[in-house]
Structure formats: structure tokens, C-alpha cells
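Asker: Please see the structure below; I have some questions.
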């Protein structure tokens, strides 16, 4: 069984596209081969800036012969029906077979499709893949019609078995497939032939090309860490940047440089952002002070001067970039000193947030009012929360955030500190956007929590009021993320909040019930990821207080844990049996059996025991529910399992005695009422 090696060699591909391109190449080729009847044992896709590579092991030599039989119309069928069958099969009358069937003789079409050699199939699949490759952006060059992310120079496509390597004959827009590739653009640019993947990888390594992006990333990180450690410094981790830089070089060479003293006073986030965004540098910090003092750049080649010239060039560009950042920083500080942080943000009144929701300045006023309302619930000073809300967005008018939007909030804290605002206000400027993602830290400082909640709730209620809701996969205003942020803020901080009330205070025009339903959907997704069953959430959401998310989660966790026990599962079955019998009887009799169960009409010991058990459970469950001690509630529920089981084993509810029957149905009603006081158990599956 041969192995297949494909290399698509081009000008440098954008690093951000390489990971997706590897997966697309692997999927398109392997799916095409399998669809054509070939199988393979293993496939791996690799990339460097100039090449996409796919290696398959254990490919079958040819596709199998196929024989297809299709039953057609009866021999005495109308001619149009027979003609239609012939057209669908591509056969003529003399090629059809006549066979006996239960209802007479029928036509059969038998077609045989011989297998095709692997090389022929590979050629077809690869050409189709190249011509239809799903690049986010592509280009044409020269006079050809082929589109690729960057000009495609060569195609390597070989099948290798015990007899040797065979070039797959194919051509795409005049580019003939071969067994030739090239090494590093500068250090080993000559062409060379390969005979298979192992030979290919070894020769590339000798030609200064590390084929595996993960190996390049590991080399960069290892070398950069060692350089920093040797100077008593630490490399600042950035996995996204590491992946990107590994996609920019074929032969990574890490170089450590120092940041000029003039720039060491800049906030570390400014240095990191400027170096990362503009030059793809890693930041190096002093672990004793937390100050960013150096950088690591990754060259794509070795040099005779060990990178000295490269470092000098990078330092020159870096100094220019950091000079700009220093200028922005100092200008912003002057603005804050002369006008205050509120003065910096005054221009937000002229910045449109949304054409139907007014300016950013108007939004700040709404957030301030809502933060003041929320503050007592989260344990914050209303005045401090309002002050923080007034200035939290001010840095959006700073020169630094205009240049680096990703620093919004972070710079706000620095400007608040320079304005001598309270620490809680400064922290809220930084933290009120959080959490942005499901893995972000959640603010816990009360003022930050108040402003963060107000910010997100204002966004949600505003867009809900103008009917700009998420639809399907579309969520242009990140409302799902905002709702998840509110949920995490509430749950992490254990807040007892009436969300519907907050919605109304934020925007009187919003449909609070509809927005709350949206929150419940997001809560289900959030809890499902933590292993809580969706039907359990539905059961507790049906109870009073469903806009108190902390209460909902406490109920759901207790009910979920109870259902994992034998007592829990069996009690639910007992409840459902009681509910079904009771519901059927009420429908049949046209009455509601909801009161009047009396132990004096009990005939069986199990019936009397159930009365006693329900009395005891009811007496204990009521206070436990009031105290929100749901563990105790579930423990009391568990005590009902045995008496309910015993009752159904010993007693026939629909007795011939009308009084006994009515009493027993009213007893079932007590079971239902007690169980439904905990959660709407009718919504549980199974």
C-alpha cells in the first residue's frame, strides 16, 4: 500500500490562515479519496509560511470494482416508463436483463464500474481541491485563472511504495506536479528531489526548514525562555502570538533585545501591546518589579553576526513606535491633569453609540443611574458606583485607546489613578468590561461589579427595546456574551438579584419577560457545560423566583444531586405515577382532588404510614424551603421514597369504595403538592 505526499509551494501565506488551511487540505483530499473508493491508514497536515503539506500512509493502490443492479419497470409497462428507465441508467434496450419477479417479468439494469488506480484518483481530487480551496482571501497572478492565497509556484505529489516513488501525473494552470521542492528562501534556496515523507522532512531540516509548526513554536519558546532566564528576566506568555510567529518563519532564530530607558516608564500593557501588534515581539519582564525591560524578536535566518544587524534594525523601528506611544501617554496625562477624567470623557456626548440608542455620553448617564440602583444589592457605595460609572468610559477619548482599542479599560485605570480617584473607582474603570469570555476572571470588588452589571444590562435592554436581538448564529452586538457576563457576575458573587426589576429600571420600554427568557436560555448553556441536565434547569425555572439566578442554580444543583441517587430516581417515578393516576381521575371525574385526605379512611398500614410520612415531610420541607436549605429539602424528599413505594405495592387507588377512592386520590394530591413545592418535576425526562 503506497504512501502519498503532497506539497503546495507558494509565496508566504498569512500566518493567521495556516491552521485552517491545514485542516481544509486534509479534509478535502481525504474526503475526496474516500468518496472515490480509496482508504488510508493515517493522515497528517503540516505547514510553513511557504508550503502546505499533506502526508497519507497506507493508501490503497486502486478503488474496487463496482457492480450495481437496478430494478426497473415490468416488461409490459408503458413505453415512456421504459424510456425513462433507460435514460436514468444510460443503457440501451439490448443491455437490459429480463428477470422473473413475483408479479411477472421486469427489466434489470446491471452496470459494472472498474476500479481506478490511486494515481488517477489522487490527480482528480488534488486538482479539484486546489481549484476550489476555501481561502478567506485569494488572488490571481500572471495570465492564469487559478486563485490562491499567494502565487503558487510548484506542486509536489508522489506515491511511494516498496518499488520506489512515482510522480502523480497532473497539472493545474500549467503547473506540473513533480517530486521537487526547495529549502529555506535565503539559506538553502536550491531545488532538490524527494522520495517520500521521511526523506522530504529530513532534507527540509538539512535545508533549514522546520516543517512542523508546533516544533517551531516549541523551539521559539524554549530559546526565548533560556535567553531571558540567563539575564534574570521572564518571558511574558502569549500563546496566540507564539502561534502567529511560528507561522512567520521556517527556521526560527530568537534574539533578545533591550528597551531603551526612555520608554521603561510606560505602562507594561502599552509596551506589550505596541510590540505585539506592530512588530510581533514577545515582552520580557523583570520579575522583581513587573516592569517590561526587554523583548524577543524571532528572525527567519541565521546570520554571520548572530543577529546583531537584525536587532539594530528592529530597535530602530521599535524606538519610533514607542516614541509614538510615549507621546500619546504624556498627552493623555496632561489632559487628565488639566480637565480631570470626566473632562477627558466629555466628548463622548458627540460619539454615536447606536443611531437608535443615542450617544456614548447618553449611555454613560444611563449606566450611572443603573449602577447607583444596583450598588446596594452588591454591597457597594451608591456614590462610588455612580462616580465610577461616570468615568469608566472616559479613556475611549484618549489618544492611547484611539491607537490601541484593546487597551480600553486598562488605560482608564491608569488615568483614574493619575487623577487621584479612589482605588475602587480606578479598578472599576479597568474591570467593568469583564468578563468578556467564558474563561475570563470575574470582578468581585463591589464597585466594579455594580458598574460591570450596569454596563451589560444597559446594552442588553437597549438592543432588546429596539428589537435588535440575536438570530441564529448572528449576534453582531455580542448580546449572548453580555448575558453570559451578567450570569457569571451574579453567580460568582452570589448575588440575590431580581433581574426583571433591573431590566425595568434600565429601560422601561423593554419586554422584561422576553429578555429574562433569553437569560434562561444562556443559563441553560452555561450550566449544561458544568454537567447540569437541561430538564433539571427547566424544572427549577418553572418555580417562583426564576429571575433570581443564584436561587435557580442552588435549586438546580440540589435537585441534580438528588436525582443521581437511587432515592431520587425512585421518588421521581413514584411522583410521576401518582401524578398520572391523579390527572386521569380528575379528567374522568371532572373534579380536582386537592384537599380532604383523612387518615381515618385509611384501610392499609402502608396507607397510614404514608399519611404519617407526608405529615412529617411537609412540616420539615416548608421551613427548609424558606431557609433555602435545599440539601435538607432533598433529604426530606428522600424519606418519602419508601412509604410511596410501599403504598403503591399494597394499595389499589381506584377502589370500588367511592369514599376510599376519593380519599386515596386526595392523598396522591398531597404527594403531588409536596413534590411540586420543590420543583416542577413534570418537566423531568424519563
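Asker: Any residue in region 218-242 that is touching a residue at least 24 places away in the same chain (Cβ under 8 Å) sitting within a Cβ distance under 6 Å of a residue that is surrounded by fewer than 19 Cβ atoms within 10 Å (Cβ to Cβ) and assigned to a helix (DSSP H, G or I)? List the pairs, counting only those 6 or more apart or interchain.
Answerer: 235/225
Listed here are the residues, each with its yes/no results for (1) under 30 Å from residue 663 (Cβ atoms); (2) surrounded by fewer than 14 Cβ atoms within 10 Å (Cβ to Cβ); (3) assigned by TED's automatic domain parsing to the domain that holds residue 676.
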{"residue": "540", "(1), (2), (3)": "no, no, no"}
{"residue": "547", "(1), (2), (3)": "no, no, no"}
{"residue": "557", "(1), (2), (3)": "no, no, no"}
{"residue": "575", "(1), (2), (3)": "yes, no, yes"}
{"residue": "593", "(1), (2), (3)": "yes, no, yes"}
{"residue": "600", "(1), (2), (3)": "yes, yes, yes"}
{"residue": "606", "(1), (2), (3)": "yes, no, yes"}
{"residue": "623", "(1), (2), (3)": "yes, yes, yes"}
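Asker: Could I ask something else about it? Please pick out the residue among 161, 173 that is modelled with pLDDT under 95, within 20 Å of residue 123 (Cα to Cα) and either buried (at least 17 other Cβ atoms within 10 Å of the Cβ) or touching a helix residue (DSSP H, G or I) at 6+ places or on another chain (Cβ under 9 Å) (or both).
Answerer: Selected residue: 173, the only one of 161, 173 that is modelled with pLDDT under 95, within 20 Å of residue 123 (Cα to Cα) and either buried (at least 17 other Cβ atoms within 10 Å of the Cβ) or touching a helix residue (DSSP H, G or I) at 6+ places or on another chain (Cβ under 9 Å) (or both).
Asker: Next question. Kindly establish whether residue 232 is outside the structural domain of residue 157 (by TED's automatic domain parsing), out of contact with any strand residue (DSSP E or B) (no Cβ under 9 Å at 6 or more places or on another chain) and under 12 Å from residue 284 (Cα atoms).
Answerer: Yes, satisfied.
Asker: Shifting gears a bit: Take residues that are farther than 30 Å from residue 158 by Cα and tell me which of the helices (runs of 4 or more DSSP H) falling wholly in region 195-289 contain 1 or more.
Answerer: Fully inside region 195-289 and qualifying: 213-230, 239-246, 268-279.
Asker: Run down 468, 423 and say which single residue is closer than 23 Å to residue 385 by Cα and surrounded by fewer than 21 Cβ atoms within 10 Å (Cβ to Cβ).
Answerer: 423
Asker: OK, next. Only one of (1) farther than 22 Å from residue 565 by Cβ; (2) modelled with pLDDT under 90 fails for residue 622. Which number is that?
Answerer: Going through the list (1) farther than 22 Å from residue 565 by Cβ; (2) modelled with pLDDT under 90, residue 622 breaks only (2).
Asker: Among the residues of region 149-165, write down those that are touching a strand residue (DSSP E or B) at 6+ places or on another chain (Cβ under 6 Å) and in a strand (DSSP E or B).
Answerer: Passing the criteria: 152, 153, 154, 155, 156, 157, 158, 159, 160, 165.
Asker: Scan region 319-334 and tell me whether some residue there is assigned to a helix (DSSP H, G or I), under 26 Å from residue 247 (Cβ atoms) and in contact with a strand residue (DSSP E or B) (Cβ under 9 Å, 6 or more places away or on another chain).
Answerer: No, there is no match, as no residue in region 319-334 is assigned to a helix (DSSP H, G or I), under 26 Å from residue 247 (Cβ atoms) and in contact with a strand residue (DSSP E or B) (Cβ under 9 Å, 6 or more places away or on another chain).
Asker: If we scan region 4-25, do we find a residue that is modelled with pLDDT under 95, surrounded by fewer than 20 Cβ atoms within 10 Å (Cβ to Cβ) and under 28 Å from residue 165 (Cα atoms)?
Answerer: Looking through region 4-25, none of the residues is modelled with pLDDT under 95, surrounded by fewer than 20 Cβ atoms within 10 Å (Cβ to Cβ) and under 28 Å from residue 165 (Cα atoms).
Residues are listed down the side, and each one gets a yes or a no for (1) closer than 14 Å to residue 4 by Cβ; (2) surrounded by 14 or more Cβ atoms within 10 Å (Cβ to Cβ):
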{"position": "53", "(1), (2)": "yes, yes"}
{"position": "102", "(1), (2)": "no, no"}
{"position": "106", "(1), (2)": "no, yes"}
{"position": "112", "(1), (2)": "no, no"}
{"position": "115", "(1), (2)": "no, yes"}
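Asker: Continuing with the same structure: Show me the helices (runs of 4 or more DSSP H) found entirely inside region 527-639 where at least 1 residues are under 19 Å from residue 683 (Cβ atoms) and free of Cβ contacts under 8 Å to residues at least 12 places away in the same chain.
Answerer: Ranges flagged: 534-541, 566-589.
Asker: Okay, moving on. Which one of these does residue 184 not meet: (1) in the same structural domain as residue 40 (by TED's automatic domain parsing); (2) within 40 Å of the chain's Cα centre (by Cα); (3) not in a loop (DSSP other than H, G, I, E, B)?
Answerer: Residue 184 satisfies every listed condition except (3).
Asker: Given the options 460, 491, 495, 484, name the one that is closer than 25 Å to residue 538 by Cα, part of a loop (DSSP other than H, G, I, E, B) and modelled with pLDDT of 95 or more.
Answerer: Of the residues listed, the single one that is closer than 25 Å to residue 538 by Cα, part of a loop (DSSP other than H, G, I, E, B) and modelled with pLDDT of 95 or more is 495.
Asker: In region 407-426, is there at least one residue being closer than 29 Å to residue 511 by Cα, in contact (Cβ under 8 Å) with a residue 24 or more places away in the chain and assigned to a loop (DSSP other than H, G, I, E, B)?
Answerer: Checking region 407-426: not a single residue is closer than 29 Å to residue 511 by Cα, in contact (Cβ under 8 Å) with a residue 24 or more places away in the chain and assigned to a loop (DSSP other than H, G, I, E, B).
Asker: Moving on to the next point. Out of 450, 385, 380, 371, report the one residue that is closer than 15 Å to residue 489 by Cβ, touching a residue at least 60 places away in the same chain (Cβ under 8 Å) and not in a helix (DSSP H, G or I).
Answerer: 380
Asker: On to the next question. In region 1-19, which residues are part of a helix (DSSP H, G or I) and closer than 20 Å to residue 146 by Cα?
Answerer: 17, 18
Asker: Separate question: Inspect region 301-314 for any residue being under 21 Å from residue 414 (Cα atoms) and in contact (Cβ under 8 Å) with a residue 40 or more places away in the chain and give the result as yes or no.
Answerer: no
Asker: Let me ask something else. Just give me the residues in region 577-591 being more than 14 Å from residue 653 (Cα to Cα) and either surrounded by 15 or more Cβ atoms within 10 Å (Cβ to Cβ) or more than 49 Å from the chain's Cα centre (by Cα) (or both), in sequence order.
Answerer: Within region 577-591, 588, 589, 590, 591 qualify.
Asker: Residue by residue through region 127-148, note down the ones that are out of contact with any helix residue (DSSP H, G or I) (no Cβ under 9 Å at 6 or more places or on another chain) and surrounded by 12 or more Cβ atoms within 10 Å (Cβ to Cβ).
Answerer: Within region 127-148, 127, 130, 131, 138, 139, 140, 141, 144 qualify.
Asker: I need a count of the residues in region 105-135 that are within 43 Å of the chain's Cα centre (by Cα), in contact (Cβ under 8 Å) with a residue 12 or more places away in the chain and not in a loop (DSSP other than H, G, I, E, B).
Answerer: Total meeting the criteria: 14.
The values are calculated or read from the model by the stated rules, or taken from the named source; none is laboratory data. In this text, all values refer to a predicted model and were calculated from it rather than measured experimentally. Positions of Cβ are generated from backbone atoms using ideal geometry, with glycine treated the same way; all protein chains shown enter the neighbour counts.
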